[in-house]
Amino acid sequence: MKISKVDVFQLEWDGESIPGAYDRPIGSGLGPLSAFVRIETEEGLFGLGEASPQLGGYTSLVIIAQNMAPFLIGRDVFDHSVLLDTLLHKCIRLGPHGATSGAIAALDMALWDIKGKALGQPVYQLLGGAWRKELPVYSSIGGNAARSVDEMLREVERRVERDQSRAVKIRFDGERTRVDADLKQDIDKAKALRKLLGDDFLLGFDANNGYSIGGAIRVGRVLEDLGYSWFEEPVQNYHNSAMGEVAQRLDITVSAGEQTYTFQGIKELIEAGVRMIQPDITKFGGITGLKECAALAHAHGVEFVPHQTQPTIAQCANLHVQATVMHLGKPMELADNWERGSVVFENPSQPVRGRLVVPDTPGLGLKFDQGEMSRRSHPVTV
Ligand code: CA
């Protein structure tokens, strides 16, 4: 089954960016953007994939169009892994991190989508079968560094009601050039959230890399007393040893990995002491990479809880993977502004009673409005 065409395009959404998402180019005047790839075969089948949308994801799409698509044309879809490992190593000097690994992630999802359609099977079946067909979500609520305690509580109430969730993570998304900016207020917010939702809610606290080692340990001790379930990215993501030190000195589960772009980087985080890994399906490896990370987590006895902020193709691909993971100890992330995807995609943007359902039609099983997708598309050509 030979590849005949590879198209890349940005899709423009209405409304605001997800806090902390960096999903539009600086000064572009465009709305939030997703970065998509569409691969077509000579038989007329097609598959869709999504790259990380950092600054609109344009760089990943150019790398695909210029350096990867010409190689893929005429190749066999079922050589999937050999093709993508070849491309990763051909382009590795552009950086195995970031734009290049996001490009590979998008191609991987699209190839799985095609393989599922060709075989008449949903992707989760090709991955070995589903342990579950519905996944509970947690409401992931960003931008809280800029809110007062009361403003944060009102936003939490709005989201919990809308998402019908029984789990919440507050993200701070603070100014990245400062650390320990307001530890007292952060602690006040952690206490107020527990008081608002009561002891039955599963709670996570995402520092978005905002603390020093000492600041993180001070906040982490409070989170332990309050019964929070995890403490996410307490220190800078590029300081693996600092992340590991915080993880080893606290009892609460410390998590990281959403800004890691290689399988080897995830291994280093685990070796440093991180006990919950959060790879992002759009940032490296796609479906294949996420399954490999699940195996790595399993081998080390650490938790596997993917980072998930893109509510359309990536969320669907994520659902297929997470359905197939035996030990899944946390709900799935449901980020801010998830509704924006529903103007183009019918599924699986919408949680029902706090749960997302894995599509059971062939491939990823995405249903979407092609006309609306075309209207919102900005093709990327080189
Ligand atoms: Ca995070």
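Read-outs throughout are calculated quantities, based only on the coordinates presented, and are distinct from any laboratory measurement. These numbers were taken from a predicted model, which means no experiment stands behind them. Glycine gets a Cβ as well: all are built from the backbone with ideal geometry, and neighbour counts include every protein chain shown.
Summary of values
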read-out: Extension gain (nm, one decimal) between E134 and V343, 0.36 nm per residue minus Cα-Cα; value: 73.0 nm
read-out: Under the Karplus curve 6.51 cos²θ - 1.76 cosθ + 1.60, θ = phi - 60°, whole-Hz ³J(HN,Hα) for region 166-171, x wherever Gly or Pro sits; value: 10, 8, 9, 10, 9, 10
read-out: Top positive-direction residue, dipole computed over region 33-166 with Cβ charges, set I92, V160, Y124; value: V160
read-out: Relative contact order of the chain, pairs being alpha-carbon contacts under 8 Å that are 6 or more residues apart, as %; value: 20 percent
read-out: Environment charge at K2 (Cβ cut-off 13 Å; Lys +1, Arg +1, Asp -1, Glu -1); value: -3
read-out: At R0 = 25 Å, FRET efficiency that the Cβ-Cβ distance of Y238 and D360 yields, to 0.05; value: 0.05
read-out: Only Lys, Arg (+1) and Asp, Glu (-1) charged, at Cβ; region 177-275 dipole about Cα centre in debye; value: 200 debye
read-out: Residue-averaged 222 nm ellipticity for the chain, from DSSP H runs of 4+ at -39500 (n - 2.57), nearest 500; value: -11000 deg cm²/dmol
read-out: Gyration tensor verdict on region 51-139 (Cα atoms; rounded if a/c is under 1.5, prolate if a/b is larger than b/c, oblate otherwise); value: oblate
read-out: Dipole of the chain, positive direction: furthest Cα of G204, I266, V344, with charges on the beta-carbon; value: I266
read-out: Separation between Cα centres of region 124-178 and region 246-306, rounded to whole Å; value: 19 Å
read-out: ³J(HN,Hα) computed for each position of region 311-322 - Karplus, 6.51 cos²θ - 1.76 cosθ + 1.60, integer Hz, glycine/proline x; value: x, 10, 5, 5, 4, 5, 4, 4, 4, 4, 5, 5
read-out: Alpha carbon convex hull of region 247-382, projected area averaged over orientations, nm²; value: 10.1 nm²
read-out: Theoretical FRET efficiency, 1/(1+(r/R0)^6), r = Cβ-Cβ of A146 and E42, R0 51 Å, to 0.05; value: 0.50
read-out: Folded to 0 to 90 degrees: helix 263-272 orientation relative to the chain principal axis, Cα; value: 20 degrees
read-out: Local net charge near V77, Cβ-Cβ under 9 Å (Lys/Arg +1, Asp/Glu -1); value: +1
read-out: Unsatisfied cross-links (Cα-Cα over 32 Å) in the set K189/K283; K184/K330; K169/K283; K169/K367; K133/K283; K117/K169; value: K117/K169
read-out: Region 98-215, relative contact order in percent, only Cα pairs under 8 angstrom and at least six apart counted; value: 25 percent
read-out: Computed lengthening from H298 to R75, 0.36 nm per intervening residue step minus Cα-Cα distance; value: 76.9 nm
read-out: Long-range amide H partners of T253 with built H, under 5 Å; value: F231
read-out: FRET efficiency, K90 to K5 (Cβ-Cβ, R0 22 Å, nearest 0.05); value: 0.65
read-out: Extension gain from R154 to K184, taking 0.36 nm per residue of separation minus the Cα-Cα distance; value: 8.8 nm
read-out: Sparse-neighbourhood loop sites, GluC sites (Glu not before Pro) in region 1-107 - DSSP loop, at most 16 other Cβ within 10 angstrom; value: E16, E42, E43
